[in-house]
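> Have a look at the structure that comes next, please.
The values are calculated or read from the model by the stated rules, or taken from the named source; none is laboratory data. These numbers were taken from a predicted model, which means no experiment stands behind them. Virtual Cβ from ideal backbone geometry, glycine too; neighbours counted across all protein chains shown. Each accessible area value is taken on the protein alone, full model and side chains, heavy atoms only, with ligands, DNA and RNA left out. Shrake-Rupley method; radii C 1.70, N 1.55, O 1.52, S 1.80 Å.
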Amino acid sequence: MNRIVRLLLVAIVVELALVAAGALAWRAHAGQLAADLQRPLRPLVLLAIPVSAATLLILAHRLFAAERMRLAEDHARHLQGALVFWFVFLAAVQAWAARLYLNAEPPALDGASYLRLVCVLVGVAMAIRGNFFAKLSPPTGADAPAPAVWTRTALRIGWGLTLTGAVLAASGLLLPPRPLFLVFLGSAPILIGLSLYQRRALRRREAQP
């Protein structure tokens, strides 16, 4: 991983942790932590975001440092760009969550408008990533799959990401808030399924006839 990118991602993780700790400390100082037991979702979200970002950073570092299956140069650049985008996105989401948690003045966007903006932004980013993913060069190393296996897998993953992102972006523009929220949640198992498919497919060393 590029040193500048790594430092930026580490800085964002530290910022996420400080925001979560600061918000919780502020609530504790105000004597309001007991009331949070009635609505634990907001503090849990604040804590889950830095934990998720730190876990993602560790996994990404292992992926970049792997010797038995090394990423191609264009794949490494693409993945670093995606990581920077998603970490900045997580910082924006946590800023919103912290503001609501601290009962500050409501943001300019209401909840429905914010959900639409998030869905469109995530959908467009996902579609762009899918378009590029299908064109990435195969990895190298002892555990790398055959080039034909990689090409076929990358093409399918790329189409899956592109279609899911397009549906999510269109839903953000067209659907009412409640079904839009369900569509947003429904995209999670699709992404998990694509990830599992990728891991299983890339275990194949030889191309199937």
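Here's the yes/no breakdown for (1) in a loop (DSSP other than H, G, I, E, B); (2) modelled with pLDDT under 85; (3) over 15 Å from the mean Cα position of the chain (by Cα):
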| position | (1), (2), (3) |
| --- | --- |
| ILE4 | no, no, yes |
| TRP26 | no, yes, yes |
| ALA34 | no, yes, yes |
| VAL45 | no, yes, no |
| ALA48 | no, no, no |
| LEU57 | no, no, no |
| ALA60 | no, no, no |
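> Taking interchain pairs and intrachain pairs at least six residues apart, which have beta carbon atoms under 7 angstrom, with the first residue in the stretch 174-186 and surrounded by 11 or more Cβ atoms within 10 Å (Cβ to Cβ) and the second outside any helix (DSSP H, G or I) and at pLDDT 85 or above?
VAL183/LEU175
> For the stretch 141-161, what are the residues that are in a helix (DSSP H, G or I) and touching a residue at least 60 places away in the same chain (Cβ under 8 Å)?
PRO147
> Tell me which residues, restricted to the stretch 66-85, are touching a residue at least 60 places away in the same chain (Cβ under 8 Å) and either of a type outside the set (A, V, I, L, M, F, W, C) or open to solvent by 30 Å² or more (accessible area, probe 1.4 Å) (or both).
Across the stretch 66-85, the qualifying residues are ALA66, GLU67, ARG68, MET69, ARG70, LEU71, GLU73, ASP74, HIS75, GLN80, VAL84.
> Among VAL167, VAL122, VAL88, which is surrounded by fewer than 17 Cβ atoms within 10 Å (Cβ to Cβ) and of a type in the set (A, V, I, L, M)?
VAL88
> Of the conditions (1) more than 16 Å from the chain's Cα centre (by Cα); (2) at pLDDT 85 or above, LEU109 satisfies every one except a single condition; which number is it?
(2)
> Next up: Examine the stretch 126-136 for a residue that is part of a loop (DSSP other than H, G, I, E, B), open to solvent by 40 Å² or more (accessible area, probe 1.4 Å), more than 27 Å from ARG42 (Cα to Cα) and at pLDDT below 85, and state whether such a residue exists.
no
> Now for a different question. Are there any pairs with C-beta distances below 9 angstrom linking a residue in the stretch 118-140 that is more than 30 Å from ALA97 (Cβ to Cβ) and aliphatic (A, V, I, L, M) to a residue that is modelled with pLDDT under 90 and assigned to a loop (DSSP other than H, G, I, E, B), with the two at least 6 apart or on different chains, and if so which?
These pairs meet every condition: LEU136/LEU71; LEU136/ALA72.
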